[in-house]
Amino acid sequence: MQYSGLVEPSDLFSDHHVHTFLCGHAQGSMEEYVLEAVKKGLRVITFLEHMEEGIVSRWPSWLSEEDFDYYFSEGRRLQQKYADKIRIRLGVECGYNSDSRDKLRQRLAAREWDEIGISCHFLLLPGEREHINLLSKREENLRRFAGLDCSELFRRYIANLSEAVTCLNGTVLCHLDAALRWVPGHRLNDRHYQEIDDLLALISARGMALEINTSGIAIRGEPFPNRQILGLAKKHGLRFVLSSDAHKPEDVGNHFSRFQPKTASPKTKPCSG
């Protein structure tokens, strides 16, 4: 399925969201991602590694401050080594937790990021001590979801993102409708879309971009967010950026060719991975 008639990403040769082994649930070194991006003809690659604060989970999926020290050191080395081949940007995907708002602000302010992605992976359910991962397909998480009102849980997720957009200096909103993606039968309703539309208005007012996350194509046959949300975002005049959300080097730039204009010449066509 092609998307060129629906949205026009700002740059077909920039991948705005990749991870590395540092987050604990991805594979490959930073250099391996850079080499893959060069091989596929990309001009820009943005590392967007996970920051979380105050989250209780048996499966940590984010970087410590020590990890970020290495991340910046290695990133600077690669920027120098590959300066004539590709632009390397060092960003962060900040998972919002309202209980740790001030700490997140402090951590974001302490470093110079090329991109600050806003997301929400975890929520704390009433009466529980361990946060639930909204994007996880672990069996334990799916069992917890089975006993919940997932429609209301998704509304909490959107409310959390709206708060994050308002109080953090984000530059891009990540994988908007990816929450609960592994929950059987989960569907968005009219109320969800209205609240998403309100969120998109906030993003527009803050001057943020909206990520088109192509990892959704392998999962559900369309990116995150879906076509209906992309249509709403277009009405708000939002800027779109392409992101693979690669967790393996070979996934860098995946499916970017689906967004190329039909009139694109061979020299202006992105990789077809």
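Comparison of ILE116, ILE132, ILE88 shows that the only residue that is surrounded by 20 or more Cβ atoms within 10 Å (Cβ to Cβ) and touching a helix residue (DSSP H, G or I) at 6+ places or on another chain (Cβ under 7 Å) is ILE88.
The single condition from (1) in a loop (DSSP other than H, G, I, E, B); (2) more than 20 Å from the chain's Cα centre (by Cα); (3) within 22 Å of THR20 (Cβ to Cβ) that PRO126 fails is (3). Scanning segment 244-263 for residues that are part of a helix (DSSP H, G or I), touching a Ser or Thr at 6+ places or on another chain (Cβ under 8 Å) and either surrounded by 18 or more Cβ atoms within 10 Å (Cβ to Cβ) or not small (Gly, Ala, Ser) (or both) returns ASP251, PHE256, ARG258, PHE259.
Filter segment 165-219 down to residues that are in contact with a Gly (Cβ under 9 Å, 6 or more places away or on another chain) and not in a loop (DSSP other than H, G, I, E, B), then give me how many there are. Spell out how you get there, then give the answer.
Restricting attention to segment 165-219, the residues satisfying the condition of being in contact with a Gly (Cβ under 9 Å, 6 or more places away or on another chain) are 170-175, 177-178, 181, 203-204, 206, 208, 211, 214.
After this cut, where a residue has to be not in a loop (DSSP other than H, G, I, E, B) as well, the list is 172-173, 203-204, 206, 211.
Final tally of qualifying residues: 6.
On the stretch given as segment 157-215, residues that are more than 18 Å from the chain's Cα centre (by Cα) and either hydroxyl-bearing (Ser, Thr, Tyr) or under 20 Å from THR46 (Cβ atoms) (or both) total 1. With respect to (1) touching a residue at least 24 places away in the same chain (Cβ under 8 Å); (2) closer than 14 Å to ASP245 by Cα, the lone exception for GLU32 is condition (2).
Within segment 193-206, one or more residues are charged (D, E, K, R), farther than 27 Å from PHE256 by Cβ, modelled with pLDDT of 95 or more and surrounded by fewer than 16 Cβ atoms within 10 Å (Cβ to Cβ).
Just to verify a result, which residue in segment 131-167, among those that are more than 30 Å from GLY207 (Cβ to Cβ) and hydroxyl-bearing (Ser, Thr, Tyr), is modelled with the highest pLDDT? Here the residue is SER151.
The values are calculated or read from the model by the stated rules, or taken from the named source; none is laboratory data. Note that the structure is predicted; figures quoted are calculated from it, not measured. Every residue, glycine as well, gets a Cβ built from its backbone with ideal geometry; the counts of neighbours run over all protein chains shown.
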